[in-house]
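The values are calculated or read from the model by the stated rules, or taken from the named source; none is laboratory data. The structure displayed is predicted, hence computed values, not measured ones. We place every Cβ from the backbone using ideal geometry, glycine too, and count neighbours over all the protein chains shown. Please note that ligands, DNA and RNA were not included when accessible areas were found on the heavy atoms of the full protein model with its side chains. Shrake-Rupley method; radii C 1.70, N 1.55, O 1.52, S 1.80 Å.
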Amino acid sequence: MKGFHFSNFQPDDLPKGGFDELLKLFTQLLNYTAGDAGETLAWMNELDKQYKFTNGEYGMGDFIDELKDKGYIKENARDGEMEITSKTEQTIRKSALEEIFGKLKKAGKGNHNSNLSGIGEEKNADRREYSFGDSLDQIDMTASIQNAQINHGIGNFTLTERDLEVEEKDFKTLTSTVLMIDISHSMILYGEDRITPAKKVAMALAELIKTRYPKDTLDIVVFGNDAWPITVKDLPYLQVGPYHTNTFAGLELAADLLRRRKTHNKQIFMITDGKPTCLKENGRYYKNSMGLDRKVINKTLNMAAQCKRLNIPITTFMIAQDPYLQQFVREFTQINGGRAFYSSLTGLGEYIFEDYIKNRRKTVR
């Protein structure tokens, strides 16, 4: 008899057993439990019951013992609860880097190319005649000798100033970046987890800068009713609060942090899923979640204009599809002269990767 035969669904990417496979799952789940080792291990026990990725030779108890032995978890001295270590925090960042920037290839010192050439740091394809003031290390001796042979013949070798050929070099630039992360309550509303991918992007970007752009600086700002800086070490534990969205406070703090940086290239990346709904005036909060409040919007737009005067472009990653929110972002982007991406959660990391590495200055819709 003809027909269809359905087998049991087997999810992809489940561990096959063994420490390395289970560690990958452990670090992934830590993103969802805000770095809570005990809750993560409880989840793994439940998943193991359902999908049986441990066996009689290597069980969850063995995995937990090995996590302790290898320094990934430790007992809290206060209450004896399990907590992750700095080694695990770094592992999470590296895992996020591989997941989001997996196609990134290794390179040299790791600085950004500028659009200028001359007495720079990295050779490019441009060639020109020697002019007074060029350094000796710019002269392409092979090409210069070839020019001399062509211009004066081989029999009586002569090398003149006009035969010298100079290699142009690209200037390298340092960049100071502030990454703003929206932690308002809407980041987990309607059954959609938006904070976990935002955290992953932040951790991947931090690891990218640390490993490939060590001369760059990265500051991280979270904003809800207020805004405050956090460290890279805090990222795995970041959680959404019962907050409104004070975008103005986040931008004000980000601009203040960038003012203190001595680099010429400064930028803000802002990951958000909603409109500004909150201000703080004279120690009191002004809140309005109904529509676009002109008082809140105008002050936020004024801050965007102020950032433009400070030569700080803002790249907004809007994780929402509402037309009126996108209209606000367009107005915000136009006033600042920055960029805007209306991205899905899965494309968020790719957009940041393309923008940060290429350092492009254009708006993409």
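For the stretch 72-85, the criterion of a residue being on the phi < 0 side of the Ramachandran plot and assigned to a helix (DSSP H, G or I) is satisfied by no position. Considering the stretch 26-65, and only residues there that are without any contact (Cβ under 8 Å) to a residue 40 or more places away in the chain and aromatic (F, W, Y), the residue that is most open to solvent (accessible area, probe 1.4 Å) turns out to be W43. So if I check each of K295, K262, K287, K275, which one is in contact (Cβ under 8 Å) with a residue 24 or more places away in the chain, among the basic types (K, R) and surrounded by fewer than 19 Cβ atoms within 10 Å (Cβ to Cβ)? Answer to the check: K287.
Can K123 be described as at pLDDT below 85 and surrounded by 15 or more Cβ atoms within 10 Å (Cβ to Cβ)? Answer is no for this residue.
Name the residues in the stretch 132-153 that are within 44 Å of the chain's Cα centre (by Cα) and either in a loop (DSSP other than H, G, I, E, B) or outside the structural domain of L164 (by the TED database) (or both), would you? If the condition is that a residue be within 44 Å of the chain's Cα centre (by Cα) and either in a loop (DSSP other than H, G, I, E, B) or outside the structural domain of L164 (by the TED database) (or both), then F132, G133, D134, S135, D140 are the ones that fit. Taken over the stretch 328-349, the residue count meeting the criterion of being among the charged types (D, E, K, R) and surrounded by fewer than 19 Cβ atoms within 10 Å (Cβ to Cβ) is 2. Any idea which residue in the stretch 253-279 is nearest to the chain's Cα centre (by Cα), counting only those that are under 27 Å from D193 (Cα atoms) and of a type in the set (D, E, K, R)? Restricting to residues being under 27 Å from D193 (Cα atoms) and of a type in the set (D, E, K, R), the top hit is D273.
When R212 is tested against (1) over 18 Å from the mean Cα position of the chain (by Cα); (2) open to solvent by 40 Å² or more (accessible area, probe 1.4 Å), exactly one condition is not met: (1). Residues in the stretch 155-192 that are more than 19 Å from T316 (Cα to Cα) and assigned to a loop (DSSP other than H, G, I, E, B): G155, N156, F157, T158, L159, T160, L164, L174, E192.
Among the residues making up the stretch 221-244, those that are surrounded by 18 or more Cβ atoms within 10 Å (Cβ to Cβ), in contact with a helix residue (DSSP H, G or I) (Cβ under 7 Å, 6 or more places away or on another chain) and at pLDDT 95 or above are V221, F223, A227.
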